[in-house]
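Q: If you scroll down you'll find the structure; I have some questions about it.
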Ligand SMILES: [Zn+2]
């Protein structure tokens, strides 16, 4: 791609560093910004710079926060004895959107993946274990992706805390809602059978 302006080229290069943004999309976004009033583009740039400068990570659960302790951890109506362990901040947002969970979270910052060079030390496993002993946690719900890395992380943490009086559970794994049984792979189908549920959990029997 050749540019008649080095400023334009620089901006396109910066945008194309974003995940999922190729050079063509970057160019489209930059050209869009050029057409906007200067104040609009300034506000856009300021918002991003301020977000990056001022955003904090909750010192308890490692979720993003505007304050030292996030608004989930500091909410007295939430059950502090139950912690849902997730991989990243997107997972917190997804589970919060269900409005079905009233405990606290712990954001690991990834999962153990030796091939990608991610070991337990790069994750917030130690702070999680400290929370378990300090906050009288009764249950840890693992809501990690059902894959090798997620399972490795689940087993690693479970082993580390096996002597603590904490119940360890994992979210159900199985056939997706709206999925077709015959297209499910064997592992998913097998897990769905293992994790079968009483029908009364799903439908009211009147
Ligand atoms: Zn928090």
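Q: Yes or no: residue 100 part of a loop (DSSP other than H, G, I, E, B), exposed (fewer than 15 other Cβ atoms within 10 Å of the Cβ) and either away from the ligand (no atom under 16 Å from the Cβ) or in contact (Cβ under 8 Å) with a residue 40 or more places away in the chain (or both)?
A: It is true that residue 100 is part of a loop (DSSP other than H, G, I, E, B), exposed (fewer than 15 other Cβ atoms within 10 Å of the Cβ) and either away from the ligand (no atom under 16 Å from the Cβ) or in contact (Cβ under 8 Å) with a residue 40 or more places away in the chain (or both).
Q: Right, another one. Restrict the check to segment 78-98 and report whether at least one residue is more than 26 Å from residue 155 (Cβ to Cβ) and over 18 Å from the mean Cα position of the chain (by Cα).
A: Yes, segment 78-98 contains at least one residue that is more than 26 Å from residue 155 (Cβ to Cβ) and over 18 Å from the mean Cα position of the chain (by Cα).
Q: Now, a different point. Taking segment 73-85 only, how many residues are within 12 Å of the ligand (Cβ to nearest atom) and touching a residue at least 24 places away in the same chain (Cβ under 8 Å)?
A: Residues of segment 73-85 within 12 Å of the ligand (Cβ to nearest atom): 73-75, 78, 80, 83-84.
Then drop every residue that is not touching a residue at least 24 places away in the same chain (Cβ under 8 Å), which leaves 73, 78, 80, 83-84.
The qualifying residues number 5.
Q: Can residue 112 be described as away from the ligand (no atom under 12 Å from the Cβ), in contact (Cβ under 8 Å) with a residue 24 or more places away in the chain and in the same structural domain as residue 148 (by TED's automatic domain parsing)? Please lay out each step first, then the result.
A: Working: away from the ligand (no atom under 12 Å from the Cβ): yes; in contact (Cβ under 8 Å) with a residue 24 or more places away in the chain: yes; in the same structural domain as residue 148 (by TED's automatic domain parsing): yes.
So residue 112 passes the test.
Q: Regarding residue 4, is this residue at pLDDT below 95 and either part of a loop (DSSP other than H, G, I, E, B) or under 27 Å from residue 143 (Cα atoms) (or both)? Before the answer, list the steps.
A: Values: at pLDDT below 95: yes; either part of a loop (DSSP other than H, G, I, E, B) or under 27 Å from residue 143 (Cα atoms) (or both): yes.
Answer is yes for this residue.
Q: Now for a different question. Within segment 170-185, does at least one residue satisfy the condition of being closer than 12 Å to residue 85 by Cβ and not in a loop (DSSP other than H, G, I, E, B)? If you could, list the steps in order and put the result at the bottom.
A: Here is the first cut: in segment 170-185, the residues closer than 12 Å to residue 85 by Cβ are 170-171.
Going one step further and asking which of them are not in a loop (DSSP other than H, G, I, E, B), we end up with 170.
Checked segment 170-185: at least one residue is closer than 12 Å to residue 85 by Cβ and not in a loop (DSSP other than H, G, I, E, B).
Q: Step by step: first the residues of segment 53-72, then only those that are part of a loop (DSSP other than H, G, I, E, B) and either away from the ligand (no atom under 13 Å from the Cβ) or more than 16 Å from the chain's Cα centre (by Cα) (or both), then the one that is nearest to residue 153 (Cα to Cα). Which residue is that?
A: So, considering only residues that are part of a loop (DSSP other than H, G, I, E, B) and either away from the ligand (no atom under 13 Å from the Cβ) or more than 16 Å from the chain's Cα centre (by Cα) (or both), the one nearest to residue 153 (Cα to Cα) is 59.
The values are calculated or read from the model by the stated rules, or taken from the named source; none is laboratory data. Computed from a prediction, not measured in an experiment: that's the story for all the values here. Virtual Cβ from ideal backbone geometry, glycine too; neighbours counted across all protein chains shown.
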